[in-house]
Structure formats: C-alpha cells, structure tokens
Amino acid sequence: MTSLAVYLTTENRDEDSEISLTGSILELIKQEQDEENQYRLLSALGTLLTYSSPSIHLANMLEVKMQLNRLQEQTADRERMQIIIYELNSLL
C-alpha cells in the first residue's frame, strides 16, 4: 500500500485513483488487527494526505479523526503508533 501511495504522488497522479486508494486504506485500517500492518497502512495514509487534497477532503468527510482517536486509545502503550497517529491528525 505504501508503494501505491508513493506512486500516486508522482506527476501522473489521478484524483480518482487517490480517492479510491484512500477509501480502501481507510477500510483496511478499520479491519486490521495486526499492529505492523496498521502502522504500514497509517504510513500509506499519511503519504496520501501529504500530497493529495482530495484524500484530505475524503478523510474529513468520513470523520477519520474519530477513527484515529479510537486507534490511539487502543494503542496507548505503543510509542510509534502514538507518533504516527499524532502526525496524521495534524494533516487533517
């Protein structure tokens, strides 16, 4: 996922693809239980949010901050998860 997110930051990016990938990543984050996979999905989401205004708009429409806050509570004892969630919230 991170590689796809990085690919979509190139000059040939397509807003529909960015939105579609953002939606898919958000769904996977909801379902994923493995911390390493969650971290990688959050990293990919961060890449999209950094380079894609449509991805930010979609994330705000879907109230991703609420989802991130729940995940932050669930991973309160894991520093790297706290850091990436903080960074994602600052992008929204």
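Annotations for the structure displayed:
- This model, with +1 at the C-beta of Lys and Arg and -1 at the C-beta of Asp and Glu, gives the stretch 2-91 a dipole about its Cα centre of some 160 debye.
- With respect to the chain, whose longest principal axis is taken over its alpha-carbon atoms, helix 79-91 is tilted by about 40°.
- Estimated distance in nm for a label pair at L28 and L91, the labels positioned 7 Å out from Cα along Cα-to-Cβ: 1.4 nm
- Angle of helix 64-74 to the longest C-alpha principal axis of the chain, folded into 0 to 90 degrees and rounded to 10: 30°.
- Ranking of T22, T50 by count of other Cβ atoms within 10 Å, fewest first: T50, T22
- Counting only DSSP H runs of at least 4 residues, each contributing -39500 (n - 2.57), and dividing by the residue count of the chain, the helix-based mean residue ellipticity at 222 nm comes to -24500 deg cm²/dmol.
- Of the trypsin sites (Lys or Arg not before Pro) in the stretch 50-80, those whose Cβ has at most 15 other Cβ within 10 Å and which sit in DSSP loop: R78
- Net charge dipole size for the stretch 44-92 [Lys, Arg +1 and Asp, Glu -1 on Cβ; Debye, nearest 20]: 60 debye
- N60-R80 pseudo-label distance in nm [points 7 Å out on the Cα-to-Cβ vector]: 3.1 nm
- Going by neighbour counts of Cβ atoms within 10 Å, the residues M81, M66 line up, fewest first, as M66, M81.
- Angle in degrees between helix 15-31 and the longest Cα principal axis of the chain, rounded to the nearest 10: 20 degrees
- Given charges at Cβ of Lys, Arg, Asp, Glu: the stretch 2-91 dipole, positive-most of L28, S43, Q72: Q72
Each reported figure results from applying straightforward, stated rules to the coordinates on display, with no laboratory input. As the structure is a computational prediction, the values presented were derived from the model and not from experiment. Positions of Cβ are generated from backbone atoms using ideal geometry, with glycine treated the same way; all protein chains shown enter the neighbour counts.
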